[in-house]
2 protein chains.
Amino acid sequence: MVATCRPGCETVLIMNTQELLATTVDEHAALVGGLIETALAKRATETVLLADALDRITAGVVFSPVDLPLFRNAQMDGFAVRSSDLASVPATLPVVGEIAARATTPGALETGTAVRIMTGAVVPEGADAVIPLEDTDADGDSVTIRRSRTPGEYVRERGSDLREGAELLPGGLRLAPRHLAALAAAGLSTVDVIARPRVAVVTTGAELVRPGREVELGEIYDSNLVALTAALRAAGADVTLATRVGDDVDALLAALQDAATTSDIIITSGGISKGEYEVVRELFGFLRGTVGEVAMQPGGPQATADIAGIPVIGFPGNPVSTQVSFEVFVAPILREASQLPAGEKRSLTLAGSVSSVRGKRQFLRGKVVDGDRVEVVAGPGSHLVAGLAASDVLIDVPVDTTELDDGDSVETWTL
Amino acid sequence: MVATCRPGCETVLIMNTQELLATTVDEHAALVGGLIETALAKRATETVLLADALDRITAGVVFSPVDLPLFRNAQMDGFAVRSSDLASVPATLPVVGEIAARATTPGALETGTAVRIMTGAVVPEGADAVIPLEDTDADGDSVTIRRSRTPGEYVRERGSDLREGAELLPGGLRLAPRHLAALAAAGLSTVDVIARPRVAVVTTGAELVRPGREVELGEIYDSNLVALTAALRAAGADVTLATRVGDDVDALLAALQDAATTSDIIITSGGISKGEYEVVRELFGFLRGTVGEVAMQPGGPQATADIAGIPVIGFPGNPVSTQVSFEVFVAPILREASQLPAGEKRSLTLAGSVSSVRGKRQFLRGKVVDGDRVEVVAGPGSHLVAGLAASDVLIDVPVDTTELDDGDSVETWTL
């Protein structure tokens, strides 16, 4: 290939000879997966309010600082009694007071008396059973109890749900509402969780314009910044930086250095194919990264580098290539790190026929019809961003398949 | 039952005679579902930035304001040519310039010449094919092309992905990253979406203390506020207000009136059983709501009311009752409104035996073991908040079942 000698071209030329020629999808996924796993293993623990803890992952076992329930309390609205006073029923007892569910320190219950009690209220010393309201007849200052109860009935003993010091929640648990409820019930207002994956996104290309602005001929709207940011969030990551740079190596380097200070991982789009002005390729050359071809379509050019110890994953810039690259190389491992369900893969029946390129694993855009059939939508072009939006699966065509016929079984990745 | 005459007791007594005695779970679910559906049907449309639009639902069809691609551009790095100049190959053509992917208005390509072109760059007038770099040999100011190309090859025609004015996205679509990418690619920076369900949470009870504070004997930590807030968010709702009131009808009324100004739906917990100081029951009496018993455990007491046209759904206050009530009566319909997947229900094999109360549909807390067996964790007590946290399914025991044996098939709701 031709290369005009620009700053850094020497390194780029060296790199070209080291290119990952015809690397397989699985090989590149293993490379990227390893980089991400190593980066995520270094994540810090952070303390968050319960209100912010939904879907976060506990950093360690949480032990209960209290007994649950906190105190012996009534399970029903009714009357607290000594069960020994109900040896024969019906029995009529004087009602000597009332205990509501609120801060209170009731005196001990005398033998031969009853106290009106509400659900959740402190059961007084001496009382050992609560008689539900529906088993009683109240008459002024006394109550007639129609059936006897054994000791402990309708009494919730202190610590009967969980003892102080016992495990309230395990470590590595993705926090659902019921887990937050348990933390709150134990009086905790915060929880230690593993930091979310912090990922920066840098899109590159002199042709890119922010949506909403005017474009001139030759410019296009940057869809990758929006798509990668949203895809990262959907995969459980925090997006620490989302920025766009033109075809300027210095600006790109500055953006990556900036991102590296706050991120575990950096993703770039664009600038790694074989044309001129491939700034990511150029910079990754300086950084002694890898830039090469993966045997897939879309998404053939792929790159990795390291900046200040932070892995940089370089995707190609065509919108469909960028999005498919994310789904194939990054989304699975981020979802796993956040304990999100893995993307669904299923076999469907192809509606129509497809030809594919030998030597490249194709991820065609498909739409499910009639439940278990899938038809190809849009062509294979990696610029067909509306076509991708109209699809709901990727059809995974094996590397050596060149023809698929109507009725063939195909593997699909649900988007 | 006994009732001390307090303000509003007349209405409460009327209500007691109107009580929904032994209403079934399905009947109450239909009542609550209808109230929520009616409330959600009134939701407004709002315009949000693409960066905030993930998982939102489009308010209507979005038509593309532009052709996609915006202009005729190169699919490959290479040379733009007139295909008629390649009638015999190899053919050597003078390279008269270079077109990069950026703002530019190239002149028309003269017959018998080639121009260096980058992926995505404007294909000049006159050129009708792009020759990939790998099919060429460059030599100074000329290029030798080794194979011919038919008109249109490696040229992306303007509008070939989507025409201006055509449907870019349908209405009622939950926005995934690829949909946001399509909006951005068309130059849109915002999208009209349906407002999320706006739900207020009001927990009640003089015994409730905010987690993190000190408790006195008789007080417990409020876990319902945290649990309902998180559960609402997990079900796709915006929580507009989350507040706690004591056993004070005026304060409750003020909170509901406040909530009604910003919410589609209000959920309360506590205050609807048969004891004293049941402020929700009292207020719902004034409001001519329903307070009654549903044939289920936990979660028997259930209530509804209307305040300023906004439905109020009243759950019982025991933490397990509150959370199960949400799962059974509210979560399914909110999830559907947000196009979230329905909660998974599946048949599992019971490990151990269980006895249940005739006439009540039980939702026991269970834990899946060995993949397809489920064991009961914790007792049936509706205060066992740690037990609920330790479970991963609810075991749905039919209303008339009183005994289940080891090995029986049971229906479960995945939490």
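Tabulated data for the structure shown
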| quantity | calculated |
| --- | --- |
| Selection count where residues are more than 10 Å from chain A (Cβ to nearest Cβ), part of a loop (DSSP other than H, G, I, E, B) and farther than 23 Å from B:E164 by Cβ, scope region B:67-103 | 5 |
| Qualifying residue in region B:103-114 (condition: in contact (Cβ under 8 Å) with a residue 40 or more places away in the chain and crowded, with 16+ Cβ neighbours inside 10 Å) | no |
| Test: residue in region B:147-160 that is loosely packed, with under 15 Cβ neighbours inside 10 Å, over 49 Å from the mean Cα position of the chain (by Cα) and of a type in the set (D, E, K, R) | yes |
| Some residue of region B:157-166 being under 27 Å from A:S325 (Cβ atoms) and of a type in the set (S, T, N, Q) | yes |
| Residue that is in contact (Cβ under 8 Å) with a residue 60 or more places away in the chain, within 9 Å of chain B (Cβ to nearest Cβ), under 40 Å from the mean Cα position of the chain (by Cα) and surrounded by fewer than 21 Cβ atoms within 10 Å (Cβ to Cβ), where the choices are A:A186, A:A176, A:A195 | A:A176 |
| Residue selected from region A:39-77 under the condition surrounded by fewer than 21 Cβ atoms within 10 Å (Cβ to Cβ) and polar (S, T, N, Q), by the criterion modelled with the lowest pLDDT | A:Q75 |
| Residue in region B:364-381 that is in contact (Cβ under 8 Å) with a residue 12 or more places away in the chain, under 30 Å from B:T58 (Cβ atoms), part of a loop (DSSP other than H, G, I, E, B) and within 13 Å of chain A (Cβ to nearest Cβ) present | no |
| Residue that is farthest from B:R156 (Cα to Cα) [pool: residues in region A:391-414 that are crowded, with 22+ Cβ neighbours inside 10 Å and within 14 Å of chain B (Cβ to nearest Cβ)] | A:V393 |
| Near pairs, Cβ below 7 angstrom, 6+ apart or cross-chain, from region B:46-57 (more than 8 Å from chain A (Cβ to nearest Cβ) and farther than 18 Å from B:R233 by Cα) to any residue that is basic (K, R) and not in a strand (DSSP E or B) | B:V48/B:R56 |
| Test: residue in region A:252-270 that is within 14 Å of chain B (Cβ to nearest Cβ), aliphatic (A, V, I, L, M) and over 20 Å from B:L188 (Cα atoms) | yes |
| Filtered residues of region A:119-173 (kept if without any contact (Cβ under 8 Å) to a residue 40 or more places away in the chain and basic (K, R)) | none |
| Single condition B:A100 does not satisfy, out of (1) small (G, A, S); (2) free of Cβ contacts under 8 Å to residues at least 24 places away in the same chain; (3) in contact with a Leu (Cβ under 6 Å, 6 or more places away or on another chain) | (3) |
| Residue ID - nearest to the other protein chains (Cβ to nearest Cβ), chosen from residues in region B:198-238 that are touching a residue at least 24 places away in the same chain (Cβ under 8 Å) and of a type in the set (D, E, K, R) | B:R210 |
| Positions within region B:106-164 being at the interface with another protein chain (Cβ under 9 Å from one of its Cβ atoms) and in a loop (DSSP other than H, G, I, E, B), in sequence order | B:P106, B:M118, B:T119, B:G120, B:A121, B:S160, B:D161 |
| Where A:G171 falls short, out of the listed (1) more than 8 Å from chain B (Cβ to nearest Cβ); (2) in a strand (DSSP E or B) | (2) |
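The values are calculated or read from the model by the stated rules, or taken from the named source; none is laboratory data. Remember, predicted model here, so these are calculated numbers, not experimental data. Quick reminder, even Gly has a Cβ in these numbers, built from the backbone with ideal geometry, and neighbours come from all protein chains shown.
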